[in-house]
Every structure is written in C-alpha cells, then in structure tokens.
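What follows is a single structure, written as structure tokens, with notes after it.
The values are calculated or read from the model by the stated rules, or taken from the named source; none is laboratory data. All figures in this text were calculated on a predicted structure; none of them were measured in a lab. Cβ coordinates were reconstructed from backbone atoms using ideal geometry, including for glycine residues, and neighbour counts include every protein chain displayed.
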Amino acid sequence: MHEVWTISETYEGRIKEVSLELLARGRALADTLGVALGTVVIGYKIPKTELNSLIEHGADSVYVADDPKLSSFTCNTYSNVLVQLFAAHKPQIVVSAATTTGRTLMPYVAVKTHAGLTADCTGLAIEENTQNLLQTRPAIGGNILATIKTPDHRPQMATVRPRSTKILAPDSSRTGSIEYIPISEDWFSSEVEVLGMRALEGQQGAIDEADIVVSGGKGLKKKDNFKLIEKLAVALGGEVGASRDAVDRGWEAYPHQVGLSGKTISPRLYMAAGISGAIQHLAGIKTAKCIVAINSDEHANIFDLADFGIVGDLFTVIPEILKRLESRSEA
Amino acid sequence: MHIIVLVKQVPETSDVQMDKETGTMIRSSSSSIINPLDLYALEAALTIKDVKGARVSVITMGPAGAIKVLKEAIAMGCDDAVHLTDRAFAGSDTWATSYILAQAIKKLGLPDLILCGERATDGDTAQVGPAIASWLSLPAVTYTSKIEQIEINSIIAERLIEEGYQKVKVALPALMTVVKEIGIVRLPTLKGKKKAMASSIPQWNAHDIEADPSFIGLKGSPTRVVKIETPKVSRNCTLVHVEDEASMSVAMDSLFAFLNDRDFLQKGGKKHA
Ligand SMILES: Cc1cc2nc3c(=O)[nH]c(=O)nc-3n(C[C@H](O)[C@H](O)[C@H](O)COP(=O)(O)OP(=O)(O)OC[C@H]3O[C@@H](n4cnc5c(N)ncnc54)[C@H](O)[C@@H]3O)c2cc1C
C-alpha cells in the first residue's frame with residue numbers, strides 16, 4: 001500500500017516544530033487509508049534523538065538523506081532527492097509545510113513528477129468512495145474556501161500552514177524504522193551556493209511560526225511607542241508584528257509586516273493595537289485562531305474579524321494589560 | 001543582459017469592503033490591476049536595467065483585457081511585452097500555467113534572469129515561480145529581499161526566510177521571486193506612457209508556443225476545484241468599552257477571563273522555540 005508522507009524540515013540540526021504538526025495531519029490521513037506514515041528528512045548530522053522524535057510523534061518510517069552538502073536548503077538539490085525517493089516508494093500523498101522552503105520545493109518537485117499540488121491547505125481529508133485527498137484552502141485573501149482534489153495524478157501534494165495543526169502527544173513506546181538513503185552524487189547541483197545567514201534586526205524573533213503575535217499599527221503614532229507593543233509581546237511570550245503603515249514609517253522592520261504584501265500567519269493568538277483592519281491587513285490573519293483588537297474607533301474594521309475587542313485608547317489600555325500580567329507572574 | 005518579468009492581472013482589492021451580513025467581498029468595481037506583488041519584480045528588473053543596462057521583457061497570460069498590465073509595465077520602463085491568450089489556457093492550475101509560461105519563455109529565448117512576484121494576491125499560492133524554474137531546469141531563488149551583486153554569470157542575493165536573511169550566490173540563468181523589501185516601486189513616466197501607447201504587443205496562442213494540448217487548460221491541470229464556499233468572516237466579537245477607571249477594570253476582568261479560558265496566559269509567557 002502506498003504510504004502517506006510528510007516532508008520534515010530541520011534548522012541547526014533540530015526538527016522544526018511545524019514538521020511535528022505535519023505528522024499529526026499525516027497520521028490522521030494514513031489511519032483513514034490504513035497505510036503507513038513516512039517522513040523524509042534532508043539535512044546534515046541530524047541527531048538520532050531528533051529522528052526518533054519523528055517516530056514518537058506519529059511516523060512509521062523515517063527516510064533520511066544526510067550529507068554535508070545537504071546542510072542548507074537549495075531547491076534543485078533537495079528536489080533531486082525527493083524525485084528519486086518518490087520514484088522508488090510511490091507515496092500516494094505528500095504533505096509539506098507552507099514555509100519558505102516547502103513553498104519553493106514542492107512546486108519544483110510537482111512539475112518534475114507531474115503531480116497535483118495545493119498550497120496552504122487548512123483542511124485535509126480523505127474522500128469516502130474514491131480515497132482521494134480533499135484539500136481545503138483559503139483564497140482571494142481568505143474570502144473564499146476552495147476544496148481541491150487531484151483525481152488522476154500521484155502523489156497528491158499539499159502544503160499546510162505552520163501553527164494550523166496540534167502536535168500529537170509524544171509516545172515513546174511507538175516503533176518505526178529509520179532508513180538512511182544512499183547518497184547519490186547526481187543530486188548535487190552547484191548552481192546555488194549558500195554564503196551565510198544574517199539574523200533579523202532587533203530583539204524580536206520571526207512571526208511566521210509564532211504561537212502569539214502582537215501587532216501595532218499607525219495608531220502607535222511614533223516609533224518610540226512601538227516599545228509598548230514589544231513589551232506586551234514579551235509579557236505574553238509572543239513576537240511582534242506590524243501593519244504596513246507602521247513598517248513603511250520605519251517603526252518595525254519588514255519581516256514583521258502582516259498582510260497582503262507581508263506575511264500570512266496563523267498564530268493561536270493575534271493581538272492588534274492601533275490597526276484599523278484594512279482588507280489587505282486582514283488577508284494576513286484570516287486563519288489566526290483567535291484575534292484580540294484594541295482600537296479607539298468602535299467602527300474600525302478590525303472588530304469585524306476579532307473575537308475580543310477593546311474600544312479604547314491603546315496608550316492607557318496596554319499599560320493596564322501589562323500591569324495585570326505582571327501582577328499575575330508575581331503571584 | 002536580458003530579463004523576463006512575469007506578471008499577472010488580478011482583481012483590484014484596495015477598495016474592497018466586506019459585506020457585514022454575508023461576510024462576502026463587495027467589489028466596488030470589477031477593475032483589474034497588476035498583481036501588486038509583481039510590481040516589486042518589475043522594480044527589481046528596472047533597477048538592474050538602470051544600474052547595469054538590460055533589456056526587460058514582460059509576459060502575462062490572461063484574457064484580452066490583460067494587455068493593460070503589459071502597457072503599464074512598459075510605461076514603467078520595460079522594453080517589450082508578450083501577451084499569452086487562448087481559450088485553451090482557461091482553467092489552468094499552477095502546474096499548467098507554469099508550463100504555458102515556460103513554453104513562452106523558451107520561444108522568446110531563455111534570458112539571463114526571470115523575475116516573478118512572491119505570489120499573486122488572488123490565487124495566493126506562490127507556486128508558479130518555482131514551477132517555471134522547474135520546467136526550465138533553472139535554479140530557483142525565492143523570497144529575494146535584496147540583490148547585492150550582479151556579475152555576468154551570477155547574482156549574490158539575500159532571501160528573507162523564517163530564521164533571517166540567507167545570503168546565496170546563484171549561477172545565471174536563474175529564476176528569482178522577490179518580496180516587497182526589494183525596493184520602492186516606481187511610477188510610470190510620461191515618456192513611458194507614450195511608448196506604451198505606441199507599442200504593439202504580440203499575442204501568442206497555444207499553437208505559437210508549441211504547447212502540448214494535454215498539458216494546458218483544465219484538461220491539463222492535475223488539480224480540480226470541487227467546491228467553493230464563502231466562509232463567514234465575523235467571529236461574534238465580544239466588545240468592551242474603556243472610558244474611565246471603572247470601565248477599564250471591567251474590561252480587564254473580561255479580557256483576562258477570555259485569555260485564561262483559551263490558555264493564553266501561561267505564567268511569565270512561554271516562548272516557543
Ligand atoms: C496592494 C496593497 C497591499 C497592502 N498590503 C498590506 C499589508 O501587507 N499589510 C498591511 O497592514 N496593510 C497593507 N496595505 C495597506 C492597507 O490598505 C492599510 O493602509 C494599512 O493596513 C493601514 O495600517 P494601519 O491599520 O496601521 O493604519 P490606519 O488605517 O491609519 O489605522 C490606524 C488605526 O489606529 C487607531 N488608533 C489611532 N489612535 C489610537 C489610539 N490612541 N488607541 C487605539 N487605537 C488608535 C485608529 O482608530 C485606526 O483604526 C496594502 C495596501 C495595498 C493597496
């Protein structure tokens with residue numbers, strides 16, 4: 001029986017959290033189909049404990065391509081690895097993360113393998129009679145939900161947004177196989193060479209895979225006031241986001257921009273302060289699990305999408321939230 | 001140097017409002033624009049042209065009206081354009097679309113650099129760029145935020161990825177997709193507008209680009225849309241008003257109960273790795 005596969009990503013030798021999320025998706029699909037769940041890891045010197053954690057989180061077989069030349073992602077090389085693996089194992093479904101890596105690699109592989117690919121799925125299910133994969137995804141800025149299938153081509157490929165799936169509780173009694181794939185020199189292309197990494201500016205981490213994101217907009221009035229947003233983010237254990245207006249004014253760096261021309265994110269909690277909720281901003285947060293908004297204008301659009309709204313002056317409301325959070329952590 | 005920029009025509013969304021009752025989009029006009037994220041690809045190409053000198057060609061696939069976005073690109077400073085249009089292209093998914101665009105690029109002649117926007121604002125897949133690179137077996141550099149150095153045979157660029165900026169050196173010819181940080185989009189010039197008006201843009205159909213009929217349109221698309229729903233956007237917002245100390249206190253109690261119920265208040269804030 002053809003397996004269901006996920007593509008696991010690593011960073012600095014560790015399996016990324018999103019890859020564990022994919023295993024939860026894959027496990028459900030594999031169980032419905034009654035087949036095994038495989039996962040592919042491409043990288044260098046990935047510790048055995050990390051590979052075992054894939055099994056603990058739901059994988060039955062782990063396929064590892066481990067080589068110094070695979071230490072960072074380059075599209076052509078990684079694609080060559082996957083194309084070879086697909087040909088050998090013929091997985092029926094392949095799920096990858098909708099990360100910068102997954103969104104680059106999957107379309108490249110889909111062309112080479114003549115496979116159907118659906119981006120950014122929020123729902124994956126198996127159609128009862130046909131056993132086809134039903135892929136549901138938001139489109140047009142999240143204003144419609146489309147369900148897509150790939151009737152005649154295999155594998156059926158999909159990417160899934162980080163943070164859209166709950167990780168299965170690890171089960172150390174689960175067993176599975178770890179298979180190291182023989183390295184083939186044919187995989188390697190020298191067209192892209194990774195020269196290095198530069199960290200994001202400032203103290204703040206990336207919003208892409210954050211659980212909680214606190215964003216500020218033009219309502220913050222000046223750069224200095226953005227410290228309020230940073231403080232709130234830190235107090236809640238989240239990262240800082242911003243509207244385009246805030247980014248264009250230089251109050252926050254572009255990697256933190258949320259929305260149509262910035263990032264689309266699905267945090268568990270999105271907090272927006274001094275953001276009006278323009279359609280282009282909302283396009284980036286349609287799949288956030290929970291939205292809290294602070295705005296002095298009770299007619300602000302952001303409240304249409306929010307689960308909880310505070311109509312008030314952010315300059316008094318945020319300090320009050322901080323005070324409460326502080327008194328809680330002291331308690 | 002020859003650069004080809006791929007652009008898409010998308011529905012204008014900047015003045016779209018949401019219908020609060022039905023949760024659907026109300027389009028004030030049915031006007032179409034260049035996909036806003038493709039403007040950054042045009043800007044990147046024109047910056048290279050300014051600095052190094054280059055011929056910049058633009059290609060779009062779409063119905064008759066799509067010629068408008070090509071004229072706009074010429075008005076911004078692009079040199080020539082091709083319009084791919086054929087009933088047989090209709091219904092193409094990203095796999096088939098990327099095949100059609102790749103065929104057109106082959107016909108025009110493989111350039112040194114192909115530039116695309118990060119994604120289109122309507123389909124929102126970000127798949128077409130990398131897929132074209134795959135058809136042409138070119139290296140794909142996605143999420144490019146900065147082009148640092150251009151040589152005859154290579155480009156050094158930065159990519160904005162989750163962990164920060166990754167610096168790469170890519171051999172040409174290559175395909176790159178760019179993000180907003182690449183530059184500030186220029187406006188069309190008067191001279192450009194005149195040129196756009198005067199220029200005649202060739203139209204190519206499936207036959208012209210020697211497309212395999214089984215690879216294009218709905219028939220050639222591996223994926224099928226089987227259902228479209230319009231999710232309700234409203235989330236039944238609990239709204240609290242803060243006007244004075246008393247209402248602040250009520251609002252805070254209510255907010256903290258809300259956050260606590262949903263497990264957002266792990267003590268001290270738990271940061272995920
Ligand atoms: C092609 C295109 C792409 C775009 N992409 C993006 C994108 O990716 N992301 C994005 O965010 N935007 C994007 N935009 C821009 C978008 O249309 C809006 O202009 C932008 O989101 C507005 O930012 P804002 O909410 O910070 O500012 P404003 O709309 O000015 O809102 C400020 C809000 O702050 C509130 N406020 C003011 N003072 C206070 C106070 N003291 N306390 C509480 N509230 C206060 C006001 O009531 C107001 O609602 C895009 C636009 C276009 C055309």
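Taking the criterion of being of a type in the set (S, T, N, Q) and closer than 22 Å to B:Gly129 by Cβ, the residues of region B:163-207 that qualify are B:Gln166, B:Thr177. Taken as a whole, the condition of being closer than 25 Å to A:Ser261 by Cβ, assigned by TED's automatic domain parsing to the domain that holds B:Ile150, at pLDDT 95 or above and touching a Ser or Thr at 6+ places or on another chain (Cβ under 7 Å) does not apply to B:Leu46.
Quick one: how many residues across region A:281-290 are touching a Gly at 6+ places or on another chain (Cβ under 9 Å) and either aliphatic (A, V, I, L, M) or at pLDDT below 90 (or both)? Of the residues in region A:281-290, 5 are touching a Gly at 6+ places or on another chain (Cβ under 9 Å) and either aliphatic (A, V, I, L, M) or at pLDDT below 90 (or both).
One residue is enough: does region A:300-323 have a residue meeting the conditions assigned to a helix (DSSP H, G or I), more than 9 Å from the ligand (Cβ to nearest atom), of a type in the set (S, T, N, Q) and over 21 Å from A:Pro138 (Cβ atoms)? Checked against the condition, which is being assigned to a helix (DSSP H, G or I), more than 9 Å from the ligand (Cβ to nearest atom), of a type in the set (S, T, N, Q) and over 21 Å from A:Pro138 (Cβ atoms), region A:300-323 yields no hits at all. Filtering B:Gly192, B:Gly183, B:Gly217 for residues that are over 22 Å from the mean Cα position of the chain (by Cα) and more than 10 Å from every other protein chain (Cβ to nearest Cβ) leaves a single hit, B:Gly192.
Given the options A:Thr165, A:Thr159, name the one that is in contact with a Cys (Cβ under 9 Å, 6 or more places away or on another chain), of a type in the set (Val, Ile, Thr) and more than 8 Å from chain B (Cβ to nearest Cβ).
Step by step, each of A:Thr165, A:Thr159 is checked, and only A:Thr159 is in contact with a Cys (Cβ under 9 Å, 6 or more places away or on another chain), of a type in the set (Val, Ile, Thr) and more than 8 Å from chain B (Cβ to nearest Cβ).
For the structure I just gave you, tell me whether B:Thr121 is at pLDDT below 95, out of contact with any Lys or Arg (no Cβ under 7 Å at 6 or more places or on another chain), within 14 Å of another protein chain (Cβ to nearest Cβ) and closer than 30 Å to A:Arg198 by Cβ. For B:Thr121, the condition - at pLDDT below 95, out of contact with any Lys or Arg (no Cβ under 7 Å at 6 or more places or on another chain), within 14 Å of another protein chain (Cβ to nearest Cβ) and closer than 30 Å to A:Arg198 by Cβ - is met.
Of all residues in region A:111-156, those satisfying the criterion of being polar (S, T, N, Q) and either surrounded by 24 or more Cβ atoms within 10 Å (Cβ to Cβ) or under 19 Å from the mean Cα position of the chain (by Cα) (or both) are A:Thr118, A:Thr122, A:Gln135, A:Thr136, A:Thr150, A:Gln156. Residue-level check: of (1) outside the structural domain of A:Asp67 (by TED's automatic domain parsing); (2) touching a Ser or Thr at 6+ places or on another chain (Cβ under 9 Å); (3) of a type outside the set (Lys, Arg); (4) surrounded by fewer than 21 Cβ atoms within 10 Å (Cβ to Cβ), A:Glu179 misses just (1). All of (1) within 26 Å of B:Asn260 (Cα to Cα); (2) modelled with pLDDT under 95 hold for A:Ser261 with one exception: (1). With respect to (1) facing chain B (nearest Cβ under 10 Å); (2) over 23 Å from B:His241 (Cβ atoms), the lone exception for A:Leu305 is condition (2). The set of residues in region A:1-55 being in contact with a Leu (Cβ under 8 Å, 6 or more places away or on another chain) and part of a strand (DSSP E or B) consists of A:Val4, A:Trp5, A:Thr6, A:Ile7, A:Ser8, A:Ile15, A:Leu37, A:Thr39, A:Val40, A:Val41, A:Ile42, A:Gly43. All of (1) closer than 18 Å to B:Lys8 by Cα; (2) touching a residue at least 60 places away in the same chain (Cβ under 8 Å) hold for B:Ser199 with one exception: (1).
Kindly indicate which of A:Ala253, A:Ala273, A:Ala293 is at pLDDT below 95 and more than 7 Å from chain B (Cβ to nearest Cβ). None of the other options fit; the residue is A:Ala253.
Restricting the search to strands (runs of 3 or more DSSP E) fully inside region B:64-167 and requiring at least 3 residues that are surrounded by fewer than 21 Cβ atoms within 10 Å (Cβ to Cβ) gives B:140-150. The single condition among (1) free of Cβ contacts under 8 Å to residues at least 40 places away in the same chain; (2) more than 10 Å from every other protein chain (Cβ to nearest Cβ); (3) more than 17 Å from A:Val247 (Cα to Cα); (4) near the ligand (Cβ under 7 Å from one of its atoms) that A:Ser327 does not satisfy is (4).
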